[in-house]
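Only one structure is covered here, and it is reproduced in the block below.
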Amino acid sequence: MEQTLATRNRNKIGFWYTLPAIVLLILFFWPAGIYCYSRRMKMGVTAAASAANVGITFGILNLLMGVLMFTVKSADRSLDIGTSLYFLIPGLFLFLTGINAKRFKANFVKYERWIEQEGLTSIDGLASVVGKTYTKTRSDLQKMIKKGAIRDAFIDDEARELVFVETVEEKAVKTTPVVHVSSKGRIVPQEEEKNVRCPSCGANNKVIPGRKVECEYCGTVLN
């Protein structure tokens, strides 16, 4: 993959969706601020996570103001309740979206390490290394694909694997026979590696047929 998962999630952000602009809008015209904040939360994992603290901070402040307005008693009780809800509803939205963004980012980082750095795409293998069940791991990956955290990918349920969509050029390179020239000048086909799933942890390993190697993740001997 030419782009890392993190790079794929760094979308360009317009001025009104930057953190300073969102803070100013929330302070002086909160409906516009919340709108820009909610739009930013859909601009990728990195953008959402960096804005999470803003949402949590203003969410707590609004919730406190809402509770304070509710405790203040005036002649018109319905006005007190309306004023309280004016702060409570946006406060709850900001707080919950901020918390969810931080949790999603933390969960994404666990998978990003193994998928991007280790090239592990077997769902069974990922479930093993992150300490979750196959069902939960599949659900996490599907959610990341749906939210755009993992792009150009789909889940192959039959192979139990996360598959990245390849370009035509990449496929052509992979299907080109690999050869080397012997000392006598003869062109000899080079042995081609095949993906073999480890029976112990489920991770995919590249193995040359006929040779025994150990699984690079758990050490199980593979044929």
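The values are calculated or read from the model by the stated rules, or taken from the named source; none is laboratory data. All figures in this text were calculated on a predicted structure; none of them were measured in a lab. Cβ coordinates were reconstructed from backbone atoms using ideal geometry, including for glycine residues, and neighbour counts include every protein chain displayed.
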In this structure, is THR83 surrounded by 16 or more Cβ atoms within 10 Å (Cβ to Cβ), farther than 17 Å from ALA203 by Cβ, over 14 Å from the mean Cα position of the chain (by Cα) and at pLDDT 85 or above?
yes
Residues (surrounded by fewer than 20 Cβ atoms within 10 Å (Cβ to Cβ) and either among the polar types (S, T, N, Q) or on the phi > 0 side of the Ramachandran plot (or both)) located in region 106-134
ASN107, GLN117, GLY119, GLY131, THR133
Pick from region 197-223 the residues that are within 22 Å of GLY131 (Cα to Cα) and in a strand (DSSP E or B): which of them is modelled with the highest pLDDT?
GLU214
Restricting attention to region 107-134, report how many residues are without any contact (Cβ under 8 Å) to a residue 60 or more places away in the chain, hydrophobic (A, V, I, L, M, F, W, C) and under 17 Å from GLU216 (Cα atoms).
3
Could you identify the single residue in ILE145, ILE123, ILE115 that is under 30 Å from ALA49 (Cα atoms), in contact with a helix residue (DSSP H, G or I) (Cβ under 6 Å, 6 or more places away or on another chain) and modelled with pLDDT of 75 or more?
ILE123
Go through (1) buried (at least 20 other Cβ atoms within 10 Å of the Cβ); (2) free of Cβ contacts under 8 Å to residues at least 60 places away in the same chain for ARG103 and report which single condition fails.
(1)
Could you list, in sequence order, the residues of region 150-175 that are surrounded by 12 or more Cβ atoms within 10 Å (Cβ to Cβ), modelled with pLDDT under 85 and not in a helix (DSSP H, G or I)?
ARG151, ASP152, GLU166
